[in-house]
Each structure stands twice: as C-alpha cells, then as structure tokens.
Amino acid sequence: MNDLAYSWLALLLGILIDCFLGDPQGWYHPVMAIGWLINRLERLLQKLFPKTKTGEYFAGFCLTALTVSVSTFLPLGMLFLCYRIHPAAGVLLEAAMCGSLLACKSLRTESMKVAAALEQEGLTAGRKAVSMIVGRDTDQLDEAGVIRAAVETVAENTSDGVTAPLLFMACFGGAGGFFYKSINTLDSMVGYKNDTYQYLGTASAKLDDIVNYVPSRISAVMMIIASRLCGMNSKNAWKIFRRDRKKHASPNSAQTEAVMAGALQIQLAGDAWYFGRKCQKPFIGDNIRPVEREDIARSCQLMSAASCLTAVAALAVKWSIIVCNI
C-alpha cells in the first residue's frame, strides 16, 4: 500500500469512529486546542498592533495566518513522523484525527438533548440546552424559537461539522481537516460583526466564506437527495433551496438552512438577538405548518442521511485520487 491508500484507510476508520464513538466525554478535543491558540494569539496581537481600524485589520490577518499555519503544519509534521516510524502508527493517528474532526454523532446527541429538555423539564431547560449549541441569545426564546434554533444549527453544521471536513480530508488528509477546522473555529470565535471583532475578525470571516463556498453547496445537494431517501418533501426542499439560499448575510449559511426548511415544510431564521442586539434576518422557507419538537429529530435524521451520502462520496473521491496516482 502507498501513503494515499493508508490515508484512505485512516479516513474510513475516522468515519467509523465518529459514527460509533463520537467525542468521548472527558477527552481533550483538538478544536479546544485551536481555540486556546486563537485566544493566546489574539491577546498577543492586540498588544502589538494599534487600536485603529488599520491596526486591527492587520492584527486579524496575522491572527488568521498564524492560527491556520500552526493548526495545519503541526498535525502534518506529526503524521509525517508517524508514517515514517510505521504505517500502522500513521494510520491510527490519522484515523483519530479524522474521527475527532467529524461531528455527526455529537451534533445529533447535543441537539436531541434540546428536544429531551423541552419534553422532560420544560422551556427553561430547553433554552439552556440550546444555548450550548448556538451563538444567539436564548433567554427570551419561546418553545418554537428554541426548536428553530436547534434545527438551524443542525442544518448549518451539516456542512461545517461533517461535509466540509470530509471533503478536505478526502482531498488533503487529516492535516487538510485541521486546515479547515482552524478556519471554521476562527470564524466562530472572532468572525462576529460587533464592536470587538468588526475589523479584527474580517480576515477570518472572509476566509471562512471562501473555503465553505463549495462544501456548503455540496451539502445542500446531498441534503436534497437525502430528503428523498428519508421520505421528506424533496420537491419543496429543492424549491426553497433555489428561492431562499441567498437569504443570509453569509453566502453559505442559508444553503443548507433553505433545504432543511423546505424538506421539513417549516419556516426558519427570522430576527434573532446576539450579545443583546437584535439582528434582523429574513425568514427562510414557507410557514406550511408550525414547528414542533419532533422537527429536531427529523433534522437529525436528514443530517445523518446526508452525512452518510457525503462519506461515501468522500471515500470515492479519495479512492479515485489513489487510482490516478498508481
């Protein structure tokens, strides 16, 4: 076997690790390490650069470049050493990397906690549970708002947490997954358009838009196909995707949200509160029926089916790369 074949095996094992194990409780997740690095670099660069618009732009550019470089080349070096020591060591390390960078099981688990909290303990518990997986303020959400928030994060993270990492790992191995995840983590931490990160987070937000442009659209297509397989309204998913996929400040986020809204025949998005400020957003989808608790489970079903399709496609892409290099 050549190195590409070993990497293909590692990706397959990583997919299986995510499917059956997810993120074991108590384990230090690599994304936490990336987050730690971002925090440290942000503090350092804010001291080095002046508190001006230009200074913060440069600080943000350096923050992005340094985070992505360290997060990519460190795993790449570790893999290089392990594969030189023994192929089995390389496969095991890369499989662990791939499994840790996929979020299918953890996303399903965490979102279903919201449904369970609403069912068993009521609205207050539901707000607390959903606050763990979304960035918006949740204190004033009614039950429908809690459900929408959970469904929207499942839809968006179908791409961010599964499809995009799979595609990068299929093309560039475990280090490619870390490259993507570092950009995604940067955007989630400093990509906000608020007073603190309006300029500092610009580079991170723009780079995230670029690297997610293709994966978000592939995710949407996979979700449309998956909606058909799951017995959902695939025709409406396609209709809402074509009509509403640009109804978001980000060029990518509404791609999968539109499919989810259409497949479930509900209305998502609308105004939301972030850090005490109201953000006006257009609705996505048609209000064919009111949202209900079961929609969280349905969104997870659609996400899981789309993830399976993408995993098969990613393995096929990686295998084709191997064949072309033989």
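Observations
- Listed residue (His248, Ala316, Gly231) projecting farthest to the positive dipole end of the chain, Cβ model: His248
- Gain on full stretching of the segment that runs from Asp3 to Phe80 - 0.36 nm per residue minus C-alpha separation: 26.7 nm
- This model, with +1 at the C-beta of Lys and Arg and -1 at the C-beta of Asp and Glu, gives region 21-108 a dipole about its Cα centre of some 240 debye.
- Stretching the chain fully between Cys324 and His29 yields a gain of 102.8 nm (0.36 nm per residue, less the alpha carbon separation).
- Most mobile listed residue (Ser111, Ser250, Ser227) in the chain, GNM with C-alpha springs under 10 Å: Ser250
- Which labelled figure in (i) 57, 53, 37; (ii) 98, 41, 30; (iii) 65, 47, 35 is Cα extents along the principal axes in Å, once derived from the coordinates: (i)
- Using a Förster distance of 30 Å, the FRET efficiency for Ala89-Ser188 (Cβ separation, nearest 0.05): 0.40
- Cα-centred dipole magnitude for region 84-177, charges only on beta-carbon of K, R (+1) and D, E (-1), debye, nearest 20: 380
- FRET efficiency for the pair Glu119 and Lys206, taken as 1/(1 + (r/R0)^6) with r the Cβ-Cβ distance and R0 = 30 Å, rounds to 0.15.
- Comparing Leu4, Leu74, Ile17 along the charge dipole axis of region 1-89, the residue lying farthest to the positive side is Leu74, per the Cβ-charge model.
- 5 angstrom amide H check on Cys279, placed H, neighbours 5+ away: Ala272, Trp273, Tyr274
- The separation of region 301-326 from region 130-207, counted between C-alpha centres, amounts to 23 Å.
- Test item: Cα-centred dipole of the chain, Lys/Arg +1 and Asp/Glu -1 on Cβ, debye: 640
- Here the gap between Arg228 and Thr196, fully extended at 0.36 nm per residue and compared with their Cα-Cα distance, gives a gain of 7.2 nm.
- Accessible-area ranking of Arg136, Arg298, Arg243, largest first, probe 1.4 Å: Arg243, Arg298, Arg136
- Alpha carbon centroid spacing (whole Å) that separates region 214-248 from region 1-68: 29
- Rel. contact order, % - alpha carbon contacts under 8 angstrom, at least six apart, the chain: 21
- D_trans [Stokes-Einstein, Kirkwood Rh over alpha-carbon pairs] for region 144-256, 4 °C, 1.567 mPa s, µm² s⁻¹: 87
- For region 133-214, the relative contact order works out to 19 percent when only alpha carbon pairs closer than 8 Å and six or more residues apart are counted.
- Note, ³J(HN,Hα) from phi for region 10-21, Karplus 6.51, -1.76, 1.60, rounded to Hz, x at Gly and Pro: 5, 5, 4, 5, x, 4, 5, 4, 5, 4, 9, 10
- Most mobile listed residue (Gly231, Gly177, Gly22) in the chain, GNM with C-alpha springs under 10 Å: Gly231
- Residue with peak Gaussian network fluctuation, the chain [Cα springs, cutoff 10 Å], from Asp142, Asp160, Asp208: Asp142
- Ile225 accessible area, assembled protein chains, probe 1.4 Å, Å²: 80
- Cα-only Debye scattering, region 205-326: base-10 log of I(q)/I(0) at q = 0.09, 0.17 Å⁻¹: -0.29, -0.89
- Accessible area (Å², 1.4 Å probe, nearest 10) - Lys278: 110
- 3J(HN,Hα) along region 299-304: 5, 5, 4, 5, 4, 5 Hz, from the Karplus curve 6.51 cos²θ - 1.76 cosθ + 1.60 with θ = phi - 60°, whole Hz, x for Gly and Pro.
- In the chain, helices alone account for a calculated mean residue ellipticity at 222 nm of -24500 deg cm²/dmol, with every DSSP H run of four or more residues adding -39,500 (n - 2.57).
- Leu44-Val312 pseudo-label distance in nm [points 7 Å out on the Cα-to-Cβ vector]: 4.6
- Other-chain or far-sequence residues with amide H under 5 Å of Ala269's (modelled H): Ile284
- Ligands, DNA and RNA aside, Arg245 has an accessible area near 70 Å² when probed at 1.4 Å.
- Backbone geometry of region 234-240 corresponds, through the Karplus equation with coefficients 6.51, -1.76 and 1.60 at θ = phi - 60°, to 3J(HN,Hα) couplings of 5, 5, 6, 4, 5, 4, 5 Hz, x marking Gly and Pro.
- Dividing the mean sequence gap of close Cα pairs (under 8 Å, 6+ apart) by how many residues region 1-150 holds gives a relative contact order of 30 percent.
- Note on Lys53/Asp142: beta-carbon distance plugged into 1/(1 + (r/R0)^6) with R0 of 30 Å gives a FRET efficiency of 0.15.
The values are calculated or read from the model by the stated rules, or taken from the named source; none is laboratory data. In this text the structure is predicted, and so the values were computed from the model without any measurement. In this analysis, Cβ positions are derived from the backbone assuming ideal geometry, glycine residues included, and neighbour counts consider all displayed protein chains. Note: accessible area is taken over every heavy atom of the protein model, side chains too, but ligands, DNA and RNA are not part of it. Shrake-Rupley method; radii C 1.70, N 1.55, O 1.52, S 1.80 Å.
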